[in-house]
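To start, the structure itself, in structure tokens.
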Amino acid sequence: MDAPTVPPMTEETGRRWHDMGGLKAGPLDATQHDFALWEKRVDALMVLCSAKGYFTVDGLRRALEDMGEDAFETMSYYERWVASINNNLLEAGVYTVEELGRRMQEVMARGKTYGEASGG
């Protein structure tokens with residue numbers, strides 16, 4: 001597996017593209033939102049995999065930061081987490097790309113909705 005390409009720091013700021021700490025971002029919406037079931041499951045998956053020793057918080061963060069600027073522009077927070085968890089599990093040898101592909105095909109064959117998947 002090739003090492004990921006890490007974007008260089010910019011000469012102007014000394015920061016990588018994802019480092020937004022201290023930059024003006026405009027007003028924040030401090031209201032809470034109700035997490036979707038899949039988001040809760042991603043969070044639980046991260047906690048379980050980390051507890052099993054498959055990766056650390058630092059490993060999760062490294063994979064997030066190495067995704068590239070486009071991922072932060074096009075993917076939601078939990079979509080990036082899923083990608084990072086997957087990358088870490090692949091690196092840890094929990095499963096292979098081929099095994100993941102087969103399982104994804106099995107899941108897609110179940111149907112697009114819960115009703116289709118459960119035969120209802």
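When residue 107 is tested against (1) under 19 Å from residue 37 (Cβ atoms); (2) among the hydrophobic types (A, V, I, L, M, F, W, C); (3) part of a loop (DSSP other than H, G, I, E, B), just one condition goes unmet, and that condition is (3).
Within the bounds of region 102-118, is there any residue that is surrounded by 16 or more Cβ atoms within 10 Å (Cβ to Cβ) and in contact with a Lys or Arg (Cβ under 6 Å, 6 or more places away or on another chain)? No: zero hits. What pairs come up if the first residue lies in region 78-95 and is under 15 Å from residue 43 (Cα atoms), the second is part of a helix (DSSP H, G or I) and of a type in the set (Asp, Glu), and their beta carbons are under 8 Å apart, counting only those six or more places apart or on different chains? Once the first residue is under 15 Å from residue 43 (Cα atoms) and sits in region 78-95, its partners that are part of a helix (DSSP H, G or I) and of a type in the set (Asp, Glu) give 78/39; 78/43; 81/43.
Cβ-Cβ distances below 8 Å connect the following pairs, each with a first residue in region 32-51 that is free of Cβ contacts under 8 Å to residues at least 40 places away in the same chain and farther than 18 Å from residue 114 by Cα, a second residue that is of a type in the set (Val, Ile, Thr) and surrounded by 11 or more Cβ atoms within 10 Å (Cβ to Cβ), and a separation of six or more residues or different chains: 46/85; 50/56. Taking the criterion of being assigned to a loop (DSSP other than H, G, I, E, B), at pLDDT 85 or above, surrounded by 12 or more Cβ atoms within 10 Å (Cβ to Cβ) and not hydroxyl-bearing (Ser, Thr, Tyr), the residues of region 18-60 that qualify are 35, 55.
Residue count for region 76-98 under the criterion of being within 23 Å of residue 33 (Cα to Cα) and loosely packed, with under 15 Cβ neighbours inside 10 Å: the result is 3.
The values are calculated or read from the model by the stated rules, or taken from the named source; none is laboratory data. Please read these numbers as outputs of a predicted model, since none were measured by experiment. With ideal geometry, Cβ positions are generated from the backbone for all residues, glycine too; neighbour counts draw on all protein chains shown.
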